[in-house]
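Colleague: Okay, here's the structure, questions in a sec.
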Amino acid sequence: MIAAPHNASLRAAQGCSAPAALARPVLRERGQREVFCGLTGIMWLHRKIQDAFFLIIGSRTCAHLMQSAAGVMIFAEPRFGTAIIEEKDLAGLADANEELDRVVTRLLERRPDIKLLFLVGSCPSEVIKLDLSRAATRLSSQFSPAVRVLNYSGSGIETTFTQGEDACLAALVPSLPSQAKDAPASLLIVGVLADAVEDQFRRLFEAIGIADVAFLPARRAGDMPAIGSKTRYLLAQPFLNDTARAVEARGAIRLPAPFPLGAEGTEGWLQAAATAFGVPQQKFEAVIAPAKARAERAVNHHRDALAGRRIFFFPDSQLEIPIARFLNRELGMRLIEVGTPYLQQEHLAADLALLPADTVLSEGQDVDRQLDRCRDAAPDIVVCGLGLANPLEAEGITTKWAIELVFTPIQGFEQAGDLAELFARPLVRRARLEV
Ligand code: SF4
């Protein structure tokens, strides 16, 4: 059955892949983690692709997680739901495939607006080894061409938090149209950005002379970009490892760049495209100058609240390294430890190169040991998941929820001040409380 989107649980998961060694030392931990599972990504993906539907094949727990993550949002026509796997399915007493086909048929008959359906795997569907990729192929041919059916896993066994977006986009890439052989070079921005941020970037690219720009994912299933060997792509998010691999398998070439956070990161990110597309440097600088100056002014506004303050990052969103770079270089914050669930050194090379040489980097988590290090260091502010924030606040430590960094538009020049404010606000609030 399809349940209305429902609610809440943090999940401890184990194990992660080890990246190649970095030039600088990295503390690697493989203990218990406190982080959301990849289903959470549906919260921003369903808003982005407006004619898609995300059908979680999961349990009541999964449905509860989604409702909790969605907060009090009420949809007349929700764009995600959960097909609940009942105990009889788990015990192998029912044919889950037949049930799934029934649920999908009912959903698509009722909702002709759905053009792209994602079957999203979860821990329970993994437990009963439901082959969602075969189900997606079967259903896709049944409902083609009106609806395309794809699948990916958001299971807490396999994914954390932002990896849900990675898994979703990686599933989408093989179905993208191919670029014509004689197509001119084009720019592809990979990763979900808020529509307003996307529009700002599109205007800037046009103004510097790069008109052929597409975004993955597009806002509608029928507008997904073509891809091929003439595609040059910029990652908009640092957690898109599998998507990057899939895009490159289609011939696209990545433009190395820092991530577009803060004035410096945004300039570096745009510069990478400008250089690749032969934009004259003078023109580039003249076009971005007003927005860059606005960003610097907005960031400076928060400098007094943040300069010299000590910050500790628990691993959560995979945004930690570019945000640490921004807070350190543009706001003068001191980095005690920057933790990240996975350290993708190739995609993060430009950001890592801008961190102070003595920054402690950690990858993965052993939550108790990390909490001990955090308490010993007594930072001014801690970035962490919801599960850690309350106990730390109770101990008098100021926190910032990592999930806010994913839900808030923070990329680009116009959002640089908002990003600084996200960190300044809790510190200013605590200072007021203490007065
Ligand atoms: Fe919990 Fe797994 Fe469902 Fe995520 S996918 S809500 S971790 S049961």
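The values are calculated or read from the model by the stated rules, or taken from the named source; none is laboratory data. Just so you know, these numbers come straight off a predicted model, no measurement behind them. A quick note on method: Cβ atoms are made from the backbone with ideal geometry, for glycine too, and the neighbour counts reach across all protein chains shown.
Colleague: Name the residues in the stretch 248-267 that are more than 30 Å from Ala180 (Cα to Cα) and either assigned to a helix (DSSP H, G or I) or modelled with pLDDT under 95 (or both), would you?
Modeller: Residues satisfying the conditions are Gly262, Ala263, Glu264, Gly265, Thr266, Glu267.
Colleague: Residues to consider are Val367, Val338; find the one that is buried (at least 17 other Cβ atoms within 10 Å of the Cβ) and either more than 24 Å from Leu392 (Cα to Cα) or touching a residue at least 40 places away in the same chain (Cβ under 8 Å) (or both).
Modeller: Checking each option against the conditions leaves just Val367.
Colleague: Mind counting the residues in the stretch 126-161 that are of a type in the set (Lys, Arg), within 23 Å of Thr243 (Cα to Cα) and surrounded by fewer than 16 Cβ atoms within 10 Å (Cβ to Cβ)? Please lay out each step first, then the result.
Modeller: The initial filter retains those residues of the stretch 126-161 that are of a type in the set (Lys, Arg), namely 129, 134, 138, 148.
Those left that are additionally within 23 Å of Thr243 (Cα to Cα): 134, 148.
Now drop any that are not surrounded by fewer than 16 Cβ atoms within 10 Å (Cβ to Cβ), which leaves 134.
Selection size over the stretch 126-161: 1.
Colleague: Do you know which residues across the stretch 307-326 are crowded, with 24+ Cβ neighbours inside 10 Å and among the hydrophobic types (A, V, I, L, M, F, W, C)? Spell out how you get there, then give the answer.
Modeller: Of the residues in the stretch 307-326, the ones crowded, with 24+ Cβ neighbours inside 10 Å are 311-318, 320-326.
Once the filter is applied, which keeps residues that are crowded, with 24+ Cβ neighbours inside 10 Å and among the hydrophobic types (A, V, I, L, M, F, W, C), the stretch 307-326 yields Ile311, Phe312, Phe313, Phe314, Ile321, Ile323, Ala324, Phe326.
Colleague: Does Gln179 count as under 17 Å from Phe259 (Cβ atoms) and among the polar types (S, T, N, Q)? Give the steps one after another, and end with the answer.
Modeller: Numbers: under 17 Å from Phe259 (Cβ atoms): no; among the polar types (S, T, N, Q): yes.
The answer is no for Gln179.
Colleague: Could you pull out the residue among Ala171, Ala185 that is buried (at least 19 other Cβ atoms within 10 Å of the Cβ) and in contact with a strand residue (DSSP E or B) (Cβ under 8 Å, 6 or more places away or on another chain)?
Modeller: Ala171
Colleague: Of the residues that make up the stretch 347-361, is at least one over 22 Å from the mean Cα position of the chain (by Cα), of a type outside the set (Phe, Trp, Tyr), within 21 Å of Arg24 (Cβ to Cβ) and crowded, with 24+ Cβ neighbours inside 10 Å?
Modeller: no
Colleague: Oh, and also: Given the criterion in a strand (DSSP E or B), of a type in the set (A, V, I, L, M) and within 14 Å of the ligand (Cβ to nearest atom), identify the matching residue among Val149, Val120.
Modeller: Val120
Colleague: Output the number of residues of the stretch 73-114 satisfying the condition of being of a type outside the set (Ser, Thr, Tyr), modelled with pLDDT of 75 or more and under 23 Å from the mean Cα position of the chain (by Cα).
Modeller: 4
Colleague: Based on what the data block shows, is Phe54 at pLDDT below 85, within 20 Å of the chain's Cα centre (by Cα) and within 13 Å of the ligand (Cβ to nearest atom)?
Modeller: Against the criterion (at pLDDT below 85, within 20 Å of the chain's Cα centre (by Cα) and within 13 Å of the ligand (Cβ to nearest atom)), Phe54 does not qualify.
Colleague: What's the total number of residues in the stretch 172-207 that are of a type in the set (Val, Ile, Thr) and part of a helix (DSSP H, G or I)? Even if it seems obvious, please write down each step before you answer.
Modeller: Start the filter on the stretch 172-207 by keeping residues that are of a type in the set (Val, Ile, Thr), which leaves 173, 189-190, 192, 197.
Those still in the list that are part of a helix (DSSP H, G or I) too: 173, 197.
Looking only at that region, the number is 2.
Colleague: Also, quick follow-up: Within the stretch 400-419, how many residues are touching a Gly at 6+ places or on another chain (Cβ under 8 Å), small (Gly, Ala, Ser) and closer than 19 Å to Ala196 by Cα?
Modeller: Kept after step one, since they are touching a Gly at 6+ places or on another chain (Cβ under 8 Å), are these residues of the stretch 400-419: 401-403, 416, 419.
Next cut, small (Gly, Ala, Ser) only: 402, 416.
Next, from what is left, pick out any that are closer than 19 Å to Ala196 by Cα: 416.
Final tally of qualifying residues: 1.
Colleague: Among the residues that make up the stretch 153-163, is at least one of them more than 16 Å from the ligand (Cβ to nearest atom) and among the aromatic types (Phe, Trp, Tyr)?
Modeller: no
Colleague: Can you pull out the residues in the stretch 57-67 that are within 10 Å of the ligand (Cβ to nearest atom) and either at pLDDT below 75 or of a type outside the set (A, V, I, L, M, F, W, C) (or both)?
Modeller: Gly58, Ser59, Arg60, Thr61, His64
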